[in-house]
Amino acid sequence: MLTLNFAQIKNSKEPLTHIECEVQPEKEFLKRSQNLVYQVKNIKLSGAVFYNQPYVTGDFHVVAQLVVPSSRSLEPVDFQEDFHFSENYTDTDVAKEESAESEIPIVKVENEIIDLQKAIEDNILLHIPTTILTKKEEQENLYPRGKGWSVISEDDFVKEQKEQVNPAFAKLKDLFTENNKNLNNENKNN
């Protein structure tokens, strides 16, 4: 578990505390993210923390190798994450207004411990795209299908809707056809 001491950073004579390390995912993280991530490896963290009254502020860069489910077929997809995140840490209670106005999330620490492990793991989950496809799904535009059902793209759905004839209008069309036949028959008889 990767943690930092809030008081040590706050009272440090150094302006920045640099961090560079590999992070191992916790078993609890793998358990709570089992439907979102099949595998996480090679998590590398770099960054710095510093005291910025009244907070200890952290600015971090994370690179990780993931295997995640395709959003269409749930087939495994290799995916590399590479992102930055920042957080402010405080040992006092924070008003909701202050937290809402802050551009950087404010996290209250317990017992002087900054839990970087959880912050990294949460941000890994937050940075997984909502749509992720296998190479084959991307190249061939494949969608799942089964007996009596299939998934189609939104464009195909819109196209089908435009081509589909409203049943009420279809009956009217037949009515006009019958009317025209009757008129033609009357004209021939006259």
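Numbers for the structure displayed
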item	result
Scaled radius of gyration (Cα, divided by 2.2 N^0.38 Å) that the chain gives	1.84
Within the chain: Cβ-based charge dipole about Cα centre, in debye rounded to nearest 20 (Lys, Arg +1; Asp, Glu -1)	1080
Phi to ³J(HN,Hα) by Karplus 6.51 cos²θ - 1.76 cosθ + 1.60 over the stretch 89-104, Hz, x for Gly, Pro	10, 9, 9, 10, 5, 10, 5, 4, 4, 5, 5, 5, 7, 6, 6, 9
Overall form of the stretch 43-87 per C-alpha gyration tensor (a/c, 1.5; a/b vs b/c)	prolate
Within the accessible area of the stretch 1-103 (1.4 Å probe), percent carbon and sulfur	46
Pairs from LYS31/LYS96; LYS31/LYS136; LYS44/LYS118; LYS41/LYS96 whose Cα-Cα separation, in the structure shown, is over 26 Å	LYS31/LYS96; LYS31/LYS136; LYS41/LYS96
Label-point separation in nm, ASN141 to ASP122, each point 7 Å along Cα→Cβ	4.1
Net charge contributed by nearby residues that have their C-beta within less than 14 Å of ASN5 (K/R +1, D/E -1)	-4
Furthest towards positive pole of dipole, TYR143, LEU133, VAL158, structure part the stretch 94-158, Cβ charges	TYR143
Mean Cβ neighbour count within 10 Å, used as a protection proxy, ranking 76-84, 147-155 highest first	76-84, 147-155
Per residue solvent-accessible surface (Å²) - the stretch 1-77, probe of 1.4 Å	61
Residue-wise HN-Hα coupling along the stretch 153-165, computed from phi with Karplus coefficients 6.51, -1.76, 1.60 (Hz; x: Gly, Pro)	6, 4, 4, 5, 4, 4, 4, 4, 5, 5, 7, 6, 8
The chain: relative contact order as a whole-number percent, Cα under 8 Å and 6+ apart	18
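The values are calculated or read from the model by the stated rules, or taken from the named source; none is laboratory data. None of the values given here were measured: they were computed from a predicted structure. Note that we place each Cβ from the backbone using ideal geometry, even for glycine, and neighbour counts take in every protein chain shown. Quick note on the areas: whole protein, heavy atoms, side chains included, nothing else; ligands and nucleic acids left out. Shrake-Rupley method; radii C 1.70, N 1.55, O 1.52, S 1.80 Å.
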